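Worksheet: the structure to be examined is printed underneath.
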Amino acid sequence: MADIIKLLPDHVANQIAAGEVVQRPASVVKELLENAIDAGADSIKLIIKDGGKNLIQVIDDGIGMSPTDARMGFERHATSKIQKAEDLFRLNTKGFRGEALASIAAIAHVEVQTKPEQDEMATHLRIEGSEIKFQEVCVAPKGTSMSVKNLFFNIPARRNFLKSNQVELRHITDEFHRVAMAHPNIAFNFYNNGSELFNLPKANQRQRIVHIFGSKTNEKLVPVNEETQVVKISGFINKPEFAKRSRGEQFFFVNNRFIKSPYLHHAVLAAFEGLIKSDSYPGYFLYLDVDPASIDINIHPTKTEVKFDDEHTLYAILRSTIKHSLGQFNVVPALDFDQDQNLETPYNYRDKNAVQPNVSVDRAFNPFQEVANSTKPAGTKSYKKQNTEGWENLYVGLESKVGQDEGFSSVKFESESNTGSFFESHQESLESIATTFQLRRKYIVTTIKSGMVVIDQSRAHQRVLYEQFLKNITVNEAVSQQLLFPLQLSFSKSDIDILKEIKDSLTSIGFIFSHINGEEVRITGVPPLVSESEVGMVLDQLISDFQMQVTEDSFSQTDILAKTLAKTLSVKTGEVLNNTSQLALVNDLFACKESRWSPFNKPVYVTITENDIDKKFI
Ligand code: ADP
Ligand code: MG
């Protein structure tokens, strides 16, 4: 048989390697910024057009490249940063693989101008799809300018796979944040489509964080400092009261490299234990310096994961250092748990009057009467007949299920199908017999004639709120509660951009913004369901959910908005509900169009019939 194995041509090999190195424009941004840092730049400019799809340019004032190096840099496995295997264990550069430029040049049009300080003339080089188009001498300042145009021009499938410019810009901004935070001693400018997004002068760690995340960040930061033989830790944690329900603003840097580490993240959470609610996350900006020989950054192709020699020790040191900082800066005693709890309990049923479940037993119900009844004040809840549909659905499902699954056709449904009254309680007995009770602060149990229903309180409330918000948004009949004093909130620039994007939807549910600008948002009205103290939390959660949308584009803005609000404002597992609230929630749930499923497609309740129970006693 003839030999069939051949070495791949370089440009094909490069293109394959590019698949791993370059996932999207943000990957190019990261590689170019890191090269500029490795070149010892003092000041770095990042210029982007159209979400990086058409232009990514990085200009630095670093050491530059000789004419030969400028060419060599684009060869695969060509690097000036390591020479032998042992060098991998004393890395103090970002790059070392020597594959970024080769990969980028295989799938884009790249143009370089570069000049070492001591050289008279600069080199100008263009390379497209791994092919050098020209190299000539030119005049340019010291340093390197690298432009990447038409990314994925020769891989249409990858190009089509890219998300909207806005989404790609968000990814780029995330990378930019990480690199800029790791190197506060370098000045950065970031321009998008001709306008300046960030202008970060040389600064210390604290100033850099504040420049990026907004001036209000400053008061949130608690310094962390510790030096041991194993690790030097510096940076900041956010005070516990600023913990958010969403992830975000959690940064680890190891030897000035952004990394992700679920294990160390856990160490931070452990230090905050008891100070923040279990479903919220503290913000942190932590810089760890360790001996390069004690880590292996080679385990992940995009290099955000690191393997530490002695993770356990690091965990323990990190945890106790943060605990110490929290104590030292009097963060702990300043907390008032009770008050915090109340402020953050968003449960509005608490204030409602009891709605007796058998209000719906309206045998004389006349559908035409509704029109005549329209004098009722808006917003008064009246559980009309139509609102019992949920209960009827419940019945239908039950009937078929029991019938099929268990071969039981003679189940006694004591259905008075038109009354809608499945509660056992009657008006006179209501006061003495509770028709609902709360189980383990998690479920609401209520009786129906054929047995009982066990309702997940949190999911039920999510469903109720979700439908309410959806209705508000689509019908656009939002009611707003005017604030006595406008609420002033600060956000980072990228968060503000997201807020601007969703402003119209927010307005349609009752938020009134008197201005959104720079880093400030001023709010003069909020939806009645959102209390003033919750506004910040709600907006934070919305911003982070819209950021997440990056990966799952399929939901409409309205839907995300309603879901986020429902999730954020709903009563949670663990909250005690009094009887009145339980009843109101049950009623509202079964007035929903779809009471069986939460907005996140989780079942809201289960029914347990008398038969089910009987069977257990056999
Ligand atoms: P790596 O960074 O892993 O070495 P790259 O493909 O990113 O690999 O870069 C290849 C080489 O090109 C680098 O080792 C460096 O010598 C040179 N180089 C790249 N970018 C710059 C720059 N902005 N300034 C000076 N030299 C650069
Ligand atoms: Mg590199």
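Odds and ends about this structure:
- Ligands, DNA and RNA left out, the 1.4 Å accessible surface of the stretch 7-124 is 51% carbon and sulfur atoms.
- The accessible area of R159, taken with all protein chains in place and a 1.4 Å probe, comes to roughly 80 Å².
- Simple spin-label estimate for V576 and I132 gives 7.8 nm between the two label positions (7 Å along the Cα-to-Cβ direction from each Cα).
- For the stretch 170-189 and the stretch 105-166, distance of Cα centres in Å: 21 Å
- Compactness of the stretch 1-124 as Cα Rg over 2.2 N^0.38 Å, two decimals: 1.16
- Gain on full stretching of the segment that runs from V454 to N204 - 0.36 nm per residue minus C-alpha separation: 84.5 nm
- 3J(HN,Hα) from dihedral phi, the stretch 467-473, Karplus parametrisation 6.51/-1.76/1.60, rounded to Hz, x for glycine, proline: 5, 5, 5, 4, 5, 4, 5
- Surface analysis of the stretch 475-618 yields an accessible area of 45 Å² per residue, using protein heavy atoms and a 1.4 Å probe.
- In range of the label at R440: residues from the stretch 555-575 whose backbone nitrogen is under 14 Å from the point 7 Å along Cα→Cβ: 573-575
- Spin-label model, S164/K142: points 7 Å from Cα along the beta carbon direction are separated by 4.4 nm.
- Kirkwood Rh in Å, taken over the stretch 76-187 so that all alpha-carbon pairs contribute: 16.6 Å
- Solvent-accessible heavy-atom area per residue, rounded to whole Å², over the stretch 104-186 at 1.4 Å: 44 Å²
- A316 versus N189: modelled label distance in nm, points set 7 Å from Cα along the beta carbon direction: 5.0 nm
- Each other residue within a Cβ distance under 15 Å of E136 adds +1 if Lys or Arg and -1 if Asp or Glu, for a net charge of +1.
- For K202, the residues whose modelled amide H falls within less than 5 Å of its own, excluding neighbours fewer than 5 places apart on the same chain, are A187.
- In Å², nearest 10: area of L91 left accessible to a 1.4 Å probe: 20 Å²
- Amide proton proximity set for S246, modelled H, under 5 Å, gap of 5+: Y281
- With N as its number of residues, the stretch 33-86 has a Cα radius of gyration that, divided by 2.2 N^0.38 Å, comes to 1.33.
- Using the Karplus relation 6.51 cos²θ - 1.76 cosθ + 1.60 with θ = phi - 60°, the per-residue 3J(HN,Hα) values for the stretch 158-166 come to 5, 5, 5, 6, 5, 7, 4, 3, 5 Hz, with x marking Gly and Pro.
- Near-label residues of the stretch 578-616 by backbone N, under 18 Å of a point 7 Å along Cα→Cβ of D279: 578, 582, 585-586, 589, 597-605
- Seen from a random direction on average, the alpha-carbon convex hull of the stretch 506-618 projects onto 10.9 square nanometres.
- For peptides 219-231, 33-45, 573-585, sequence by mean Cβ density within 10 Å, most packed first: 33-45, 573-585, 219-231
- In this structure H324 has an accessible area near 110 Å², from a 1.4 Å probe over the protein heavy atoms.
- Calculated on C-alpha atoms, the gyration radius of the stretch 181-312 divided by its Kirkwood radius gives an Rg/Rh of 0.98.
- Between E594 and E241, the FRET efficiency from the beta-carbon distance, with R0 = 35 Å, is close to 0.40.
The values are calculated or read from the model by the stated rules, or taken from the named source; none is laboratory data. Not measured: the values here are computed from a predicted model. So basically every Cβ, Gly included, is an ideal-geometry build from the backbone, and we count neighbours across all protein chains shown. For the accessible areas, the whole protein counts, side chains as well, though only heavy atoms, and no ligand, DNA or RNA atoms are used. Shrake-Rupley method; radii C 1.70, N 1.55, O 1.52, S 1.80 Å.
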